[in-house]
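Heads up, the thing below is written out as C-alpha coordinates.
The values are calculated or read from the model by the stated rules, or taken from the named source; none is laboratory data. Owing to the predicted nature of the structure, the values given are computational and were not obtained by experimental measurement. Virtual Cβ from ideal backbone geometry, glycine too; neighbours counted across all protein chains shown. Ligands, DNA and RNA are excluded from the accessible area calculation, which covers all protein heavy atoms including side chains. Shrake-Rupley method; radii C 1.70, N 1.55, O 1.52, S 1.80 Å.
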Amino acid sequence: MEDVIRVDSVERYNELFGLETRHPLVAVVDLSRATRWPSHFTLNYGVYALFLKQTRCGDLRYGRQTYDYQEGTVTSFAPGQVVEATMAEGTRPLALGLLFHPDLISGTPLGKEMPRYRFFSYASNEALHLSEEERKTFGECLNMIDAELERPEDRHSRRLTVNHIELLLDYCMRFYDRQFDTRSQENRNVLTRFEGLLDAYFQSDKPQTTGLPSVKYFADSVHLSPNYFGDLVKKVTGRTPQAYIRDKLISLAKEEILGGDKNVGEIAYSLGFQYPQHFTRIFKQCVGYTPTEYRTMQSAR
(Lines give C-alpha, C1' and ligand atoms only; values in the text may rest on other atoms or scores of the structure.)
Protein backbone atom coordinates (compact mmCIF):
# COMPACT_ATOMS: atom_id res chain seq x y z
CA MET A 1 0.00 0.00 0.00
CA GLU A 2 1.36 3.42 -0.94
CA ASP A 3 2.44 5.64 1.94
CA VAL A 4 0.51 8.84 2.52
CA ILE A 5 2.77 11.89 2.19
CA ARG A 6 2.22 14.36 5.00
CA VAL A 7 2.49 17.91 3.64
CA ASP A 8 2.76 19.81 6.90
CA SER A 9 4.84 22.68 5.55
CA VAL A 10 5.31 24.73 2.40
CA GLU A 11 8.87 23.40 2.18
CA ARG A 12 7.66 19.78 2.19
CA TYR A 13 5.39 20.44 -0.80
CA ASN A 14 8.16 22.22 -2.69
CA GLU A 15 10.54 19.34 -2.00
CA LEU A 16 8.05 16.91 -3.50
CA PHE A 17 7.94 18.84 -6.79
CA GLY A 18 11.47 20.20 -6.82
CA LEU A 19 10.47 23.83 -6.36
CA GLU A 20 12.29 26.64 -4.58
CA THR A 21 11.08 27.71 -1.14
CA ARG A 22 11.22 31.49 -0.70
CA HIS A 23 9.10 31.76 2.44
CA PRO A 24 8.53 29.11 5.12
CA LEU A 25 4.79 29.83 5.49
CA VAL A 26 3.48 30.79 2.04
CA ALA A 27 4.23 30.02 -1.61
CA VAL A 28 2.83 30.85 -5.01
CA VAL A 29 3.24 27.63 -6.97
CA ASP A 30 3.71 27.22 -10.72
CA LEU A 31 3.84 23.48 -11.34
CA SER A 32 5.04 24.03 -14.92
CA ARG A 33 8.38 24.77 -13.23
CA ALA A 34 8.42 21.50 -11.28
CA THR A 35 11.67 19.59 -11.71
CA ARG A 36 10.23 16.31 -10.47
CA TRP A 37 6.85 14.84 -9.66
CA PRO A 38 5.49 11.39 -8.82
CA SER A 39 3.05 9.79 -11.24
CA HIS A 40 0.82 8.66 -8.39
CA PHE A 41 0.71 10.05 -4.87
CA THR A 42 -1.53 10.60 -1.85
CA LEU A 43 -1.16 13.80 0.13
CA ASN A 44 -2.37 14.57 3.62
CA TYR A 45 -2.46 18.35 3.72
CA GLY A 46 -1.28 20.26 6.77
CA VAL A 47 -1.52 23.58 4.91
CA TYR A 48 -4.21 25.46 3.02
CA ALA A 49 -3.97 25.12 -0.76
CA LEU A 50 -5.76 26.36 -3.88
CA PHE A 51 -4.88 25.30 -7.42
CA LEU A 52 -6.07 26.54 -10.80
CA LYS A 53 -5.67 23.78 -13.35
CA GLN A 54 -4.09 24.93 -16.63
CA THR A 55 -4.84 21.77 -18.60
CA ARG A 56 -6.14 18.28 -18.01
CA CYS A 57 -3.31 15.98 -16.95
CA GLY A 58 -4.74 13.57 -14.40
CA ASP A 59 -7.39 12.69 -11.86
CA LEU A 60 -8.06 13.38 -8.22
CA ARG A 61 -9.59 10.86 -5.85
CA TYR A 62 -11.45 11.49 -2.61
CA GLY A 63 -12.27 8.30 -0.75
CA ARG A 64 -13.54 5.79 -3.29
CA GLN A 65 -14.61 8.22 -5.98
CA THR A 66 -12.45 9.65 -8.77
CA TYR A 67 -13.12 13.03 -10.29
CA ASP A 68 -11.73 14.55 -13.45
CA TYR A 69 -9.84 17.72 -12.64
CA GLN A 70 -10.39 19.67 -15.85
CA GLU A 71 -8.80 22.77 -17.31
CA GLY A 72 -9.94 26.04 -15.79
CA THR A 73 -11.11 24.62 -12.48
CA VAL A 74 -10.03 25.61 -8.98
CA THR A 75 -9.87 23.05 -6.24
CA SER A 76 -8.97 23.78 -2.63
CA PHE A 77 -7.73 21.85 0.38
CA ALA A 78 -7.62 22.56 4.10
CA PRO A 79 -5.39 21.06 6.79
CA GLY A 80 -6.44 17.48 7.49
CA GLN A 81 -7.76 16.69 4.01
CA VAL A 82 -6.36 13.72 2.09
CA VAL A 83 -6.27 13.61 -1.71
CA GLU A 84 -4.95 10.97 -4.10
CA ALA A 85 -3.65 12.13 -7.48
CA THR A 86 -2.77 10.16 -10.59
CA MET A 87 -0.89 11.81 -13.44
CA ALA A 88 -1.86 10.81 -16.98
CA GLU A 89 0.95 8.93 -18.74
CA GLY A 90 3.40 11.19 -20.54
CA THR A 91 2.14 14.42 -18.95
CA ARG A 92 3.43 16.80 -16.32
CA PRO A 93 1.46 18.86 -13.79
CA LEU A 94 0.35 22.26 -15.09
CA ALA A 95 -1.33 24.33 -12.44
CA LEU A 96 -1.00 27.65 -10.64
CA GLY A 97 -1.62 27.65 -6.95
CA LEU A 98 -1.20 29.06 -3.49
CA LEU A 99 -0.04 27.31 -0.34
CA PHE A 100 -0.14 28.91 3.09
CA HIS A 101 0.43 27.51 6.55
CA PRO A 102 -2.16 28.18 9.30
CA ASP A 103 0.59 29.91 11.29
CA LEU A 104 0.74 32.66 8.65
CA ILE A 105 -2.80 33.82 9.43
CA SER A 106 -2.86 32.96 13.13
CA GLY A 107 -3.95 36.02 15.13
CA THR A 108 -4.99 37.97 12.03
CA PRO A 109 -8.52 38.97 10.98
CA LEU A 110 -8.29 36.36 8.19
CA GLY A 111 -7.45 33.67 10.73
CA LYS A 112 -10.69 34.42 12.55
CA GLU A 113 -12.65 34.54 9.28
CA MET A 114 -11.40 31.25 7.77
CA PRO A 115 -14.57 29.29 8.70
CA ARG A 116 -16.43 31.66 6.35
CA TYR A 117 -14.56 30.22 3.37
CA ARG A 118 -16.54 27.01 3.38
CA PHE A 119 -15.34 25.97 -0.08
CA PHE A 120 -12.20 24.54 1.54
CA SER A 121 -14.46 21.72 2.71
CA TYR A 122 -16.08 21.12 -0.67
CA ALA A 123 -15.25 17.88 -2.44
CA SER A 124 -13.37 17.82 -5.73
CA ASN A 125 -16.53 17.20 -7.76
CA GLU A 126 -17.67 20.57 -6.43
CA ALA A 127 -14.65 22.39 -7.84
CA LEU A 128 -14.95 25.97 -9.00
CA HIS A 129 -15.14 26.39 -12.79
CA LEU A 130 -13.76 29.77 -13.87
CA SER A 131 -14.52 31.89 -16.90
CA GLU A 132 -11.63 33.43 -18.83
CA GLU A 133 -12.11 36.74 -17.01
CA GLU A 134 -12.24 34.99 -13.64
CA ARG A 135 -9.03 33.08 -14.44
CA LYS A 136 -7.37 36.41 -15.17
CA THR A 137 -8.49 37.79 -11.80
CA PHE A 138 -7.30 34.64 -10.03
CA GLY A 139 -3.90 34.99 -11.70
CA GLU A 140 -3.65 38.68 -10.84
CA CYS A 141 -4.25 37.91 -7.16
CA LEU A 142 -1.50 35.29 -7.24
CA ASN A 143 0.81 37.79 -8.92
CA MET A 144 0.25 40.31 -6.11
CA ILE A 145 1.12 37.70 -3.51
CA ASP A 146 4.14 36.61 -5.53
CA ALA A 147 5.37 40.19 -5.90
CA GLU A 148 5.15 40.68 -2.15
CA LEU A 149 7.19 37.51 -1.57
CA GLU A 150 9.86 38.86 -3.93
CA ARG A 151 10.34 42.00 -1.84
CA PRO A 152 12.75 42.16 1.09
CA GLU A 153 10.71 41.38 4.20
CA ASP A 154 9.76 44.34 6.41
CA ARG A 155 7.20 45.10 9.10
CA HIS A 156 4.41 45.40 6.49
CA SER A 157 5.12 42.15 4.67
CA ARG A 158 2.97 39.74 6.63
CA ARG A 159 -0.07 42.02 6.79
CA LEU A 160 0.05 42.79 3.07
CA THR A 161 0.56 39.14 2.13
CA VAL A 162 -2.36 38.05 4.30
CA ASN A 163 -4.53 40.83 2.85
CA HIS A 164 -3.74 39.67 -0.69
CA ILE A 165 -4.65 36.09 0.27
CA GLU A 166 -7.92 37.31 1.75
CA LEU A 167 -8.68 39.16 -1.48
CA LEU A 168 -8.15 35.96 -3.49
CA LEU A 169 -10.42 34.00 -1.16
CA ASP A 170 -13.11 36.69 -1.39
CA TYR A 171 -12.97 36.50 -5.19
CA CYS A 172 -13.39 32.72 -4.95
CA MET A 173 -16.50 33.30 -2.82
CA ARG A 174 -17.86 35.63 -5.51
CA PHE A 175 -17.08 33.11 -8.26
CA TYR A 176 -18.81 30.32 -6.33
CA ASP A 177 -21.89 32.50 -5.94
CA ARG A 178 -21.89 32.99 -9.72
CA GLN A 179 -21.53 29.24 -10.22
CA PHE A 180 -24.48 28.54 -7.92
CA ASP A 181 -26.55 31.02 -9.97
CA THR A 182 -25.60 29.56 -13.36
CA ARG A 183 -26.44 26.05 -12.18
CA SER A 184 -29.87 27.00 -10.90
CA GLN A 185 -31.78 24.14 -12.55
CA GLU A 186 -29.27 21.54 -11.38
CA ASN A 187 -29.41 23.02 -7.90
CA ARG A 188 -33.21 22.92 -7.86
CA ASN A 189 -33.05 19.25 -8.81
CA VAL A 190 -30.89 18.67 -5.74
CA LEU A 191 -33.43 20.56 -3.62
CA THR A 192 -36.26 18.41 -4.98
CA ARG A 193 -34.30 15.26 -4.12
CA PHE A 194 -33.62 16.62 -0.64
CA GLU A 195 -37.30 17.26 -0.03
CA GLY A 196 -38.14 13.73 -1.22
CA LEU A 197 -35.44 12.19 0.96
CA LEU A 198 -36.70 14.17 3.95
CA ASP A 199 -40.22 12.82 3.47
CA ALA A 200 -38.91 9.28 2.98
CA TYR A 201 -36.81 9.48 6.14
CA PHE A 202 -39.80 10.15 8.37
CA GLN A 203 -41.98 7.63 6.55
CA SER A 204 -39.46 4.91 7.39
CA ASP A 205 -38.26 3.53 10.72
CA LYS A 206 -35.04 5.55 10.57
CA PRO A 207 -36.11 8.05 13.27
CA GLN A 208 -36.51 5.16 15.73
CA THR A 209 -33.40 3.26 14.62
CA THR A 210 -31.04 6.10 13.69
CA GLY A 211 -32.40 9.19 15.44
CA LEU A 212 -32.82 12.70 14.16
CA PRO A 213 -31.67 13.19 10.55
CA SER A 214 -28.46 15.13 9.98
CA VAL A 215 -27.47 17.44 7.15
CA LYS A 216 -24.59 15.05 6.42
CA TYR A 217 -27.06 12.20 5.84
CA PHE A 218 -28.85 14.12 3.08
CA ALA A 219 -25.62 15.54 1.64
CA ASP A 220 -24.21 12.02 1.36
CA SER A 221 -27.44 10.85 -0.26
CA VAL A 222 -27.10 13.42 -3.06
CA HIS A 223 -23.31 12.88 -3.30
CA LEU A 224 -22.27 16.32 -2.07
CA SER A 225 -20.16 17.51 0.84
CA PRO A 226 -22.17 18.89 3.78
CA ASN A 227 -20.79 22.41 3.31
CA TYR A 228 -21.49 22.54 -0.42
CA PHE A 229 -24.95 21.03 0.09
CA GLY A 230 -25.75 23.55 2.83
CA ASP A 231 -24.57 26.49 0.73
CA LEU A 232 -26.49 25.25 -2.30
CA VAL A 233 -29.78 24.93 -0.38
CA LYS A 234 -29.25 28.35 1.24
CA LYS A 235 -28.49 29.93 -2.15
CA VAL A 236 -31.61 28.49 -3.81
CA THR A 237 -34.09 28.99 -0.98
CA GLY A 238 -32.62 31.48 1.47
CA ARG A 239 -32.98 28.83 4.17
CA THR A 240 -30.54 26.33 5.61
CA PRO A 241 -31.00 22.53 5.45
CA GLN A 242 -31.21 22.61 9.25
CA ALA A 243 -34.24 24.91 8.94
CA TYR A 244 -35.87 22.51 6.46
CA ILE A 245 -35.34 19.57 8.81
CA ARG A 246 -36.60 21.53 11.82
CA ASP A 247 -39.74 22.73 10.00
CA LYS A 248 -40.49 19.16 8.90
CA LEU A 249 -40.10 17.95 12.48
CA ILE A 250 -42.45 20.61 13.83
CA SER A 251 -45.04 19.95 11.12
CA LEU A 252 -45.05 16.21 11.88
CA ALA A 253 -45.08 16.89 15.61
CA LYS A 254 -48.19 19.05 15.29
CA GLU A 255 -49.95 16.28 13.36
CA GLU A 256 -49.06 13.74 16.05
CA ILE A 257 -50.10 16.04 18.89
CA LEU A 258 -53.50 16.86 17.40
CA GLY A 259 -54.22 13.70 15.47
CA GLY A 260 -53.78 11.01 18.10
CA ASP A 261 -53.52 10.12 21.75
CA LYS A 262 -49.76 9.58 22.02
CA ASN A 263 -48.08 11.20 24.98
CA VAL A 264 -45.18 13.60 24.56
CA GLY A 265 -42.57 10.91 25.15
CA GLU A 266 -44.04 8.63 22.49
CA ILE A 267 -44.19 11.46 19.96
CA ALA A 268 -40.61 12.46 20.73
CA TYR A 269 -39.38 8.89 20.20
CA SER A 270 -41.34 8.46 16.96
CA LEU A 271 -39.64 11.56 15.52
CA GLY A 272 -36.12 10.47 16.50
CA PHE A 273 -35.56 12.40 19.72
CA GLN A 274 -33.65 10.53 22.38
CA TYR A 275 -35.11 12.57 25.22
CA PRO A 276 -38.62 14.07 25.52
CA GLN A 277 -37.14 17.15 27.18
CA HIS A 278 -35.14 17.88 24.01
CA PHE A 279 -38.26 17.57 21.88
CA THR A 280 -40.24 19.83 24.23
CA ARG A 281 -37.50 22.48 24.19
CA ILE A 282 -37.24 22.51 20.38
CA PHE A 283 -41.03 22.57 19.95
CA LYS A 284 -41.42 25.51 22.33
CA GLN A 285 -38.61 27.43 20.62
CA CYS A 286 -40.37 27.07 17.26
CA VAL A 287 -44.05 27.27 18.23
CA GLY A 288 -44.00 29.32 21.41
CA TYR A 289 -45.77 26.63 23.46
CA THR A 290 -44.84 23.24 24.88
CA PRO A 291 -46.45 20.22 23.15
CA THR A 292 -48.86 19.83 26.07
CA GLU A 293 -49.81 23.51 26.02
CA TYR A 294 -50.27 23.38 22.24
CA ARG A 295 -52.57 20.33 22.48
CA THR A 296 -54.64 21.95 25.22
CA MET A 297 -54.89 25.25 23.39
CA GLN A 298 -55.96 23.64 20.09
CA SER A 299 -58.47 21.32 21.80
CA ALA A 300 -60.17 24.31 23.42
CA ARG A 301 -60.92 25.90 20.07
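Quick notes on this structure:
- Applying the criterion of being assigned to a strand (DSSP E or B) and polar (S, T, N, Q) to the residues of region 1-56, the residue that is least open to solvent (accessible area, probe 1.4 Å) is Thr42.
- Residues of region 103-114 satisfying the condition of being in a helix (DSSP H, G or I) and either in contact with a helix residue (DSSP H, G or I) (Cβ under 6 Å, 6 or more places away or on another chain) or under 17 Å from Val47 (Cβ atoms) (or both): Asp103, Leu104, Ile105, Leu110, Gly111, Met114
- Search result, residues across region 257-275 that are under 20 Å from Thr210 (Cα atoms), open to solvent by 50 Å² or more (accessible area, probe 1.4 Å), part of a helix (DSSP H, G or I) and without any contact (Cβ under 8 Å) to a residue 40 or more places away in the chain: Glu266
Residue by residue, here is whether (1) modelled with pLDDT of 95 or more; (2) under 23 Å from Phe175 (Cα atoms) holds:
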residue	(1), (2)
Phe17	no, no
Ala27	yes, yes
Phe41	no, no
Tyr69	no, yes
Glu89	no, no
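- Thr73 fulfils the conditions (1) under 21 Å from Ser39 (Cα atoms); (2) at pLDDT 95 or above except for a single criterion, (2).
- In region 189-222, residue most open to solvent (accessible area, probe 1.4 Å) [restricted to those that are more than 14 Å from Glu126 (Cα to Cα) and under 19 Å from the mean Cα position of the chain (by Cα)]: Lys216
- Looking at Asn163, Asn189, just one residue is in a helix (DSSP H, G or I), among the polar types (S, T, N, Q) and over 22 Å from Val47 (Cβ atoms), and that residue is Asn189.
- Residue in region 228-243 that is over 30 Å from Ser184 (Cβ atoms), in a loop (DSSP other than H, G, I, E, B) and open to solvent by 50 Å² or more (accessible area, probe 1.4 Å) present: no
Matching residues to (1) open to solvent by 70 Å² or more (accessible area, probe 1.4 Å); (2) modelled with pLDDT under 95; (3) not hydroxyl-bearing (Ser, Thr, Tyr):
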{"site": "Leu128", "(1), (2), (3)": "no, yes, yes"}
{"site": "Ser131", "(1), (2), (3)": "no, yes, no"}
{"site": "Thr137", "(1), (2), (3)": "no, no, no"}
{"site": "Arg158", "(1), (2), (3)": "yes, no, yes"}
{"site": "His164", "(1), (2), (3)": "no, no, yes"}
{"site": "Leu167", "(1), (2), (3)": "no, no, yes"}
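- Tally, over region 4-29, of residues that are over 26 Å from the mean Cα position of the chain (by Cα) and among the basic types (Lys, Arg): 1
- Checking each residue in region 79-116 for being open to solvent by 10 Å² or more (accessible area, probe 1.4 Å) and in contact with a Lys or Arg (Cβ under 7 Å, 6 or more places away or on another chain) picks out only Glu84.
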